[in-house]
Amino acid sequence: MEKVEIYDTTLRDGEQSPGCSLKEHEKVQVAQQLERLNVDVIEAGFPAASPDDFKAVQHISKIIKNSTVTGLARSKKSDIDAAWEALKQTENPRVHVFIATSPVHMTYKLCMKSEEVLEMAAASVRYARRFFPQVEFSCEDATRSDYAFMSRVVRAAIKAGAAIINLPDTVGYCSPQEYAAMFHYVKKQVPDIDKVRLSCHCHNDLGMATANTLSSVDAGVRQIECTVNGVGERAGNVALEEIGVALHIRHNYYKVKTQLKLNEIAKTSRMVSQLMNSPISATKPIVGANAFAHEAGIHQDGVLKNPKTYEIISPNLVGLDSGTLVLGKHSGRHAFRKKAVEMGVHLTDKQIDQSFHEFKNLADQKKELTDHDFRTIFSKYEKTMVH
Ligand code: KIV
Ligand code: ZN
């Protein structure tokens, strides 16, 4: 099965998320955990952005041994020089050079004509190749670019020595079909495209980052740029854990594999959430508190008989012990009886009926029942308790 590389940009694009900035030692901690997770590439920062970013990239590049370490650079000599200074000590340095190719970015942000952008893209890749064995080139805002023009830029970047071509959905604008079609178009227009690795980079403004990413894999993309917990600008980037698990459990469909150690996911997610002070929504796929929780009686009954009835992912796969049965107003007798047994209370069928009725009345009044609530209900059956 073909491999898809996982390129983690939590420390660069993720850190650009408001309120999520990290100190140097925290970045190092995250980078070490990303290495344990076995990501292929760690984008450690944007060395020209600030002295702190430079120092963090330099520090990470010295200590990470198994993942490729890279840093972002605009298509400018000074950015590429800063990236080289920060990364030259790593075993396998890569630089990520980018320039925007969409009309709105070229006109209003860069104030450049398209032919100047084309020239600058090629010149910056050529310059970066003087230092770096591996150069990745990105057409920022690729999905809103004129694809014919963008294909010319891609061709020039490959000719200048780029080994990875990344076409980002910078503003999370695309549908899955459109994103795949863009890659197919560029593949047709650029004769040397087979010599490079194609990369996707999806933002989640319309909630389609995961769908777009998977659709681009279908179109031949073999590097996925993502962040832990989907942190990133605005609505964030595609979440590493969603992609890693989706490609794992649907490998028969996608016919690709990653080298991620999926059982490190829960730990990585918790670490990033705590260090970035960025809480995870309960319903977040894979890593949310409710991702493996069941409250409805019918579901609980099914899961108790066989977890596969309502769990497509085993919690163990991502490093969690087991799913949880949440006892609330939708729960049934099976889960209630299990709770009693877990608390050391053994009840007759009649006692279950009586106490279950009491539990339902309380659950109607309270959103969450605590162990104390259960103890109060069960205390009426104290004599049957096993201590
Ligand atoms: O979203 C984006 O386009 C980026 C580029 C710098 C790759 O983050
Ligand atoms: Zn981005």
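Some points to look at:
- Of all residues in the stretch 218-270, those satisfying the criterion of being over 13 Å from the mean Cα position of the chain (by Cα), part of a loop (DSSP other than H, G, I, E, B) and more than 16 Å from Gly14 (Cα to Cα) are Ala219, Gly220, Val221, Arg222, Arg250, Lys255, Thr258, Gln259, Lys261.
- Unmet criterion (only one of (1) within 16 Å of ligand 2 (Cβ to nearest atom); (2) in contact (Cβ under 8 Å) with a residue 24 or more places away in the chain) for Asp53: (2)
- Scanning the stretch 1-43 for residues that are open to solvent by less than 20 Å² (accessible area, probe 1.4 Å), assigned to a strand (DSSP E or B) and either within 15 Å of ligand 2 (Cβ to nearest atom) or of a type in the set (Lys, Arg) (or both) yields Tyr7, Asp8, Val41, Glu43.
- Whether a residue is of a type in the set (A, V, I, L, M), out of contact with any Cys (no Cβ under 7 Å at 6 or more places or on another chain) and exposed (fewer than 15 other Cβ atoms within 10 Å of the Cβ) was assessed, and Ile298 passes this test.
- Lone qualifier among Leu262, Leu275, Leu247 - being under 17 Å from Val41 (Cα atoms), touching a helix residue (DSSP H, G or I) at 6+ places or on another chain (Cβ under 9 Å), in contact (Cβ under 8 Å) with a residue 40 or more places away in the chain and more than 16 Å from ligand 1 (Cβ to nearest atom): Leu262
- Only one of the listed residues (Val238, Val287) is at pLDDT 95 or above and in contact with a strand residue (DSSP E or B) (Cβ under 6 Å, 6 or more places away or on another chain). That residue is Val238.
- Neighbours by Cβ (under 7 Å, 6+ apart or cross-chain): first from the stretch 329-352, open to solvent by 10 Å² or more (accessible area, probe 1.4 Å); second in a loop (DSSP other than H, G, I, E, B) and of a type outside the set (S, T, N, Q): His330/Glu295; His330/Ala296; Lys339/Leu327; Gly344/Val386; Gly344/His387; His346/Val386; Leu347/Tyr381; Gln351/Tyr381
- The condition (being surrounded by fewer than 19 Cβ atoms within 10 Å (Cβ to Cβ), under 18 Å from Ser75 (Cβ atoms) and at pLDDT 95 or above) is satisfied by just one residue among Arg130, Arg144: Arg130.
- Residue check, Pro47 farther than 23 Å from Val238 by Cβ and open to solvent by less than 10 Å² (accessible area, probe 1.4 Å): yes
- Remark: pairs (first residue in the stretch 115-144, without any contact (Cβ under 8 Å) to a residue 12 or more places away in the chain and within 16 Å of ligand 2 (Cβ to nearest atom); second residue assigned to a helix (DSSP H, G or I) and open to solvent by less than 80 Å² (accessible area, probe 1.4 Å); Cβ separation under 8 Å; 6+ apart in sequence or on different chains) are absent.
- Qualifying residue in the stretch 210-227 (condition: free of Cβ contacts under 8 Å to residues at least 60 places away in the same chain, among the hydrophobic types (A, V, I, L, M, F, W, C) and surrounded by fewer than 23 Cβ atoms within 10 Å (Cβ to Cβ)): yes
- Residue list for the stretch 228-244, filter: open to solvent by 30 Å² or more (accessible area, probe 1.4 Å), away from ligand 1 (no atom under 11 Å from the Cβ) and at positive phi: none
- Single unsatisfied condition, Thr90 versus (1) in contact with a Lys or Arg (Cβ under 9 Å, 6 or more places away or on another chain); (2) modelled with pLDDT of 95 or more; (3) of a type in the set (S, T, N, Q): (2)
- Qualifying residues in the stretch 68-93 (those that are crowded, with 24+ Cβ neighbours inside 10 Å and part of a strand (DSSP E or B)) - the one nearest to ligand 1 (Cβ to nearest atom): Leu72
The values are calculated or read from the model by the stated rules, or taken from the named source; none is laboratory data. In this text the structure is predicted, and so the values were computed from the model without any measurement. For neighbour counting, all protein chains shown are included, and Cβ atoms are generated from backbone atoms with ideal geometry for every residue, glycine included. SASA here: full protein model, heavy atoms, side chains in, ligands and nucleic acids out. Shrake-Rupley method; radii C 1.70, N 1.55, O 1.52, S 1.80 Å.
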